[in-house]
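Report on the following structure.
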Amino acid sequence: MLFSIPFPALPTPPSWFPGHMNRFSKQLPALLSRTDVVLELRDARLPLTSINQNLEGAIRKWRAERGRDSTLLAPTPASGTVSPTVPGYGGMICERIVVLNKRDLIPDWGIEPFRKAMASRFPDQIVHFASCNKPRDMKTLSELLVNIAKTNPHAIEMNVLVVGMPNVGKSTLLNSLRNFGIAGRTSKALQTSAQPGHTRTLSTRLKISENPLIYSYDSPGVMLPFLGKGEQGAERGVKLALIAGIKESLYDVEALVSYLLYRLNILDPVSPVYLKVLPPTSQPTTDVDGFLDQLASRLAMRLRGGDVDTSRAARWFVDWWRKEGGLISASAPKSIAFGADKSQERQLHQHQHQQQQHAGPPTLRRGWGFDFEWTADPASVDSSTVEQKMGECIDACVRTAEEHERAGGGVSQTQEKKRAREEKLAKRAAKNKAKFIGRKGA
């Protein structure tokens with residue numbers, strides 16, 4: 001059992017913001033003006049990291065223009081509690097659905113506490129967990145869209161705009177929705193890829209329901225122009241690279257393994273999932289070099305001369321986690337999050353006594369996905385405590401994003417210099433134009 005899990009050293013995050021992302025960001029306000037429902041996809045493993053703050057600003061403005069700002073919430077007659085205003089007959093539809101895709105890669109025990117924590121903080125967002133390869137999830141989402149469309153029966157059609165970061169499954173989701181909304185066999189309308197940045201332009205309108213009539217647009221995945229400074233920006237970049245949301249070639253794969261090892265240890269410090277690919281007698285570890293040596297030996301990956309090929313083993317491990325390890329980790333029992341058993345508690349007491357720590361109750365570090373991490377007394381952890389801990393993580397994320405925005409953290413030094421140079425050139429051009437007009441008038 002691991003008692004100390006140090007945070008790994010991570011590289012400076014790269015900047016990956018191709019031209020097609022910039023073009024779509026500029027088109028977004030105009031697209032929202034003819035949109036009824038925004039379907040935002042996030043990765044369920046990174047429900048907070050996969051939020052694009054640039055999209056958030058445009059969506060908030062869109063809701064405010066339609067009078068559906070979160071401040072315009074009315075109390076329900078029955079309970080007196082605050083709830084989103086539901087569009088009535090003839091009213092304008094303006095809904096935001098946040099779909100946490102790839103739910104099969106996260107443990108089920110955290111879904112309901114997360115949903116409750118989000119609902120208490122963002123009542124204007126409909127949170128839906130789904131996996132595009134699960135027909136039941138897609139049917140539920142399709143029915144949700146149909147029910148929203150039926151709130152305004154006088155409208156000829158409803159338009160849905162699908163947005164999100166790269167490689168969260170936007171195109172795959174639309175292909176799946178068409179199977180439920182269109183009668184008969186439907187062909188694959190959108191091409192998909194495991195690599196980020198495959199969709200580069202806004203798609204033509206796709207019919208995803210015939211009755212009522214619902215159309216949708218698929219959009220390019222949009223990355224943040226700058227991932228941030230310091231440790232937070234570095235961690236955000238590595239997380240997105242692990243889920244293939246950013247080009248993996250921008251990172252040293254061993255840096256990805258270092259962070260992946262850290263996260264898997266947090267999720268289960270007693271029996272982390274990576275032990276399944278190591279020799280049977282292996283123990284949990286925080287030593288990346290030793291881990292890769294063991295893995296390469298187990299997989300018989302060697303270079304000429306007999307040395308172990310740790311680079312190849314690192315690439316294999318990341319790929320294994322994406323395809324298989326994540327599923328195994330998601331099936332971990334509920335007890336993993338809700339504390340330790342008696343033998344583990346004794347180990348904690350002994351460890352704290354040896355380290356001459358405080359004499360209070362033992363504490364364990366636990367987590368859910370890659371965005372949630374907390375420390376709690378294993379004897380007092382239950383579902384409500386998990387909801388509380390998740391709420392604290394969400395609040396911290398919101399505060400960090402606000403501070404980041406106020407400090408201008410969304411722009412790198414290179415982008416600041418480029419912007420200043422463009423402004424200087426624009427002023428010079430305006431000055432020269434004024435001189436030319438003055439001479440011509442004279």
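The values are calculated or read from the model by the stated rules, or taken from the named source; none is laboratory data. Since the model is a prediction, treat every value here as computed from it, not as a measurement. Side chains included, ligands, DNA and RNA excluded: accessible areas come from the protein's heavy atoms. Shrake-Rupley method; radii C 1.70, N 1.55, O 1.52, S 1.80 Å.
Numbers below:
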{"read-out": "Stretchable slack from Lys61 to Asp252, in nm (0.36 nm times residue separation minus alpha-carbon distance)", "value": "64.9 nm"}
{"read-out": "Cα-Cα over 32 Å, subset of Lys26/Lys433; Lys61/Lys433; Lys116/Lys239; Lys207/Lys389; Lys323/Lys389", "value": "Lys61/Lys433; Lys207/Lys389"}
{"read-out": "Candidate aspartates and glutamates - alpha carbon under 13 Å from Lys134, same-chain residues fewer than 8 apart omitted", "value": "Asp104"}
{"read-out": "Global form of the range 249-303, assessed from the alpha-carbon gyration tensor, a/c cut-off 1.5", "value": "oblate"}
{"read-out": "Probe 1.4 Å, protein heavy atoms only - accessible area per residue of the range 220-334 in square angstrom", "value": "43"}
